[in-house]
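What follows is a set of notes on a single structure, which appears directly below.
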Amino acid sequence: MEPTGTRPTRPTRRTPRAEHLPRTPRTSRARRRRGALFALTAAAGLLLTACSAGGSADGSAADKRALPAPAPAPGERYSGSAAPTPGDSHLSTFALDVDTASYTYARRTLADGRVPDPSTVRPEEFVNSFRQDYRRPDGNGFSVSVDGARTTRPDWSLVRVGLATRDADPDGRRPPAALTFVIDVSGSMDEPGRLDLAKRSLDTMTDRLRDDDSVAVVTFSTRARTVLPMTRLGGHRGEIHDAVDGLRALTSTNLGAGVETGYDTAVEGLREGATNRVVLISDALANTGETRPDAILRRIDSARREHGITLFGVGVGSDYGDALMERLADKGDGHTAYVSDTAEARRVFCVQLPQNIGLTARDAKAQVAFDPETVAEFRLVGYDDRAVADDDFRDDRVDGGEVGPGHTVTALYAVRTRPGADGHLATATVRWLDPATRAPHERSGALETGALRDSVRAASPRFQVTAVAAYFADALRAAGTDHGPTLPGAPSLTRLAGRAAALAEATEDKDVQALADAIRQADDTGRMGGTDTGETLE
């Protein structure tokens with residue numbers, strides 16, 4: 001999603017100083033620190049035949065039956081709770097992230113009657129899945145909104161930092177795209193809802209792209225091959241449709257060969273002044289050839305630095321290599337989405353992918369400074385593998401996130417204020433580089449304690465949706481472990497589902513209704529252990 005051209009080598013992100021609340025642990029695969037408290041929701045999906053179609057009372061207390069053991073993610077395990085980690089920093093710094101795959105995969109898992117493995121629950125991807133109510137900036141860059149509400153727990157509040165880019169150009173003006181689709185045609189992709197859905201999606205996408213866009217198609221199974229070199233859409237759509245229609249599922253998953261060939265094809269077809277991007281569609285279950293993530297990641301990192309080629313990872317399948325796909329997209333300065341049905345397919349290929357063709361900001365980072373005179377403790381929800389050292393916030397060699405037009409980024413915090421404290425609470429600042437000139441820009445917003453709503457129920461409906469989704473992610477992370485939810489004032493799943501349903505009716509938002517349905521499915525699969533706290537998000 002970047003313009004072409006050489007970009008400088010960046011130092012690796014360093015681990016930031018510890019924040020004040022206890023952190024949950026890494027998985028045994030050490031993919032990400034379990035530091036988050038809660039998350040938010042929303043789906044992101046594949047695409048399908050009709051890109052132009054489709055739009056967008058609390059219950060009884062939970063009983064004492066425990067949730068069943070979660071369904072393990074391939075190659076991942078959750079290791080339990082962590083001891084408190086002391087810290088003295090009043091800063092929280094992270095690279096922006098607009099991924100949504102974790103929430104969508106959780107919904108798919110619950111629909112299959114299983115509880116998601118806690119290691120696949122990334123709270124920030126729940127948070128960033130939903131429509132928000134942030135104002136949009138007039139030009140390039142970001143607007144910054146900061147608001148909050150007190151919870152039922154004394155001195156504890158939820159604070160929301162909202163960042164938004166301008167809407168996509170209604171006239172469709174954007175740079176041309178040079179997209180290399182790297183498609184998994186291994187035997188596992190023969191399952192309904194994988195290769196068949198991908199083919200329908202690509203056919204529809206071909207009809208939606210502009211004449212000056214270009215497409216290449218690479219497939220991989222035991223081996224990888226270039227089915228179609230980089231080809232302009234104008235006058236050649238029939239060739240692209242023929243290449244897509246001829247895709248057939250074969251045998252093993254040589255993901256390393258697919259990535260290597262895909263990036264070689266993208267480099268050969270590189271277009272100056274265009275958005276050069278690899279779109280990887282796979283279940284990410286590598287089992288043949290180069291299966292070591294680090295070796296695959298090196299190829300992606302090289303193409304990103306030397307040619308500005310970025311990666312968009314689209315995950316499919318009930319068994320899905322979530323950790324690997326996330327790492328691939330992170331290294332490729334890209335994003336991930338997960339798809340399981342046609343509505344999600346529409347969203348990914350008709351909304352998300354077009355948004356990611358244009359670029360509003362590169363290497364974007366956020367830093368929130370909490371006033372130590374007012375705030376006793378704070379905790380960021382998610383962004384575990386996006387952490388940036390506080391001192392590196394203004395070091396533009398340090399990797400940030402790439403964000404396109406029409407995006408919102410939400411960071412949710414649990415904050416404990418000092419008893420009786422009044423005055424300045426926090427200042428949030430976002431820093432980014434202009435995509436063309438690499439000139440740095442900053443924008444800030446602040447929050448006073450007096451602006452905190454008296455309760456979550458008194459906050460805006462979109463704030464309440466964020467809170468509900470965050471509590472839901474917190475509950476999923478706690479499932480099957482020896483510790484309960486860690487978000488202050490956590491209600492039971494039954495009460496949470498009721499609140500989500502009420503918000504779905506109030507907002508008339510199908511995505512919020514899907515959230516309510518997912519919470520009910522988790523509640524039906526098995527309830528949280530322990531007694532009901534009686535919390536109701538008042």
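Annotation: extensible slack from N287 through R305 equals 3.7 nm (criterion: 0.36 nm per residue apart, minus Cα-Cα distance). Compute the whole-percent fraction of alpha carbon pairs in the range 312-448 spaced more than 18 Å apart. It works out to 65 percent of all Cα pairs. For a quick check: with amide H placed at 1.01 Å from N, whose amide H comes under 5 Å from T253's, ignoring anything fewer than 5 positions away on the same chain? Result for T253 returns N287, T288. Over all projection directions, the Cα-based convex hull of the range 201-281 averages an area of 5.1 nm². Modelled spin-label separation between R418 and H241, with each label point placed 7 Å from Cα along the Cα-to-Cβ direction: 6.9 nm. Take each peptide in 222-228, 253-259, count the other Cβ atoms within 10 Å of every residue, and average; sorted highest first, the result is 253-259, 222-228. With all protein chains in place and ligands, DNA and RNA left out, the 1.4 Å accessible area ranks H307, H407, H90 as H90, H307, H407, largest first. Within the range 212-330, the ratio Rg/Rh, alpha carbon atoms throughout and Rh by Kirkwood, equals 0.95.
Rg and Dmax of the range 413-526, based on Cα coordinates, read 18.0, 53 Å. Using θ = phi - 60° in the Karplus curve 6.51 cos²θ - 1.76 cosθ + 1.60, the 3J(HN,Hα) couplings for the range 102-114 round to 4, 5, 5, 5, 4, 4, 4, 5, 5, 5, 7, x, 10 Hz; x is entered for Gly and Pro. Taking Lys and Arg as +1 and Asp and Glu as -1, the other residues whose beta-carbon sits under 11 Å from that of T336 total -4.
Full extension of the chain segment joining D212 with R135 gains 24.5 nm, where the gain is 0.36 nm per residue of separation less the Cα-Cα distance.
What shape does the range 118-234 take by its C-alpha gyration tensor, where a ≥ b ≥ c are the square roots of the eigenvalues and a/c under 1.5 counts as rounded, a/b above b/c as prolate, and the rest as oblate?
On the way: a/c = 3.56, a/b = 1.61, b/c = 2.21.
Oblate, since a/c reaches 1.5 and b/c is not below a/b.
The values are calculated or read from the model by the stated rules, or taken from the named source; none is laboratory data. Just so we're clear, the structure is a prediction, and the values are computed from it rather than from any experiment. Glycine also receives a Cβ, built like all others from the backbone with ideal geometry; neighbour counts cover every protein chain displayed. These area figures cover heavy atoms from the full protein model, side chains too; ligands, DNA and RNA do not enter into them. Shrake-Rupley method; radii C 1.70, N 1.55, O 1.52, S 1.80 Å.
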